[in-house]
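Please treat every number below as a calculation from the coordinates, not as lab data. Please read these numbers as outputs of a predicted model, since none were measured by experiment. A quick note on method: Cβ atoms are made from the backbone with ideal geometry, for glycine too, and the neighbour counts reach across all protein chains shown.
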Amino acid sequence: MAAAMVGGALLSASVQVLLDKIISNELLNFFRRRKLNVSLLGKMKMTLLSVQAVLNDYLKD
């Protein structure tokens, strides 16, 4: 059980780092320069927020 909690905490921290990167102007500019679909960033952000909520819920128990 302790290993699962440590793994969950590590995963939660990783998700937070990914969210910070998605929000950054650097990534947004990268998408624009490459003419990629910027709306995908919003979808990725929402998905990661959902994953983070599930992980936080798991870690509370």
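Want the number for Val54 to Ile23: 0.36 nm per residue separation, take away the alpha-carbon distance, what's left?
9.1 nm
In sequence order, what are the phi-derived ³J(HN,Hα) couplings for the stretch 39-49 according to the Karplus relation 6.51 cos²θ - 1.76 cosθ + 1.60 with θ = phi - 60°, rounded to whole Hz, with x for glycine and proline?
5, 5, 4, x, 5, 5, 4, 5, 5, 5, 5
Run the dipole for the chain about the Cα centre, Lys and Arg Cβ at +1, Asp and Glu Cβ at -1, nothing else charged, and hand back the magnitude in debye, nearest 20.
500
Straight-line reach from Lys35: which lysines have Cα under 18 Å away, leaving out those fewer than 8 places along the same chain?
Leaving aside lysines fewer than 8 places away in the same chain, those within reach of Lys35 are Lys43.
Relative to the first principal axis of the alpha-carbon coordinates of the chain, what is the inclination of helix 2-23, with its axis defined by its Cα atoms, in degrees from 0 to 90 and to the nearest 10?
Here the helix axis deviates by roughly 20 degrees.
Could you give me D for the stretch 2-60, from Stokes-Einstein at 4 °C and 1.567 mPa s, where the hydrodynamic radius is the Kirkwood radius over C-alpha pairs? Units µm² s⁻¹, please. Provide the component values of the computation, followed by the final result.
Numbers: Rh = 12.4 Å.
Reported coefficient: 104 µm²/s.
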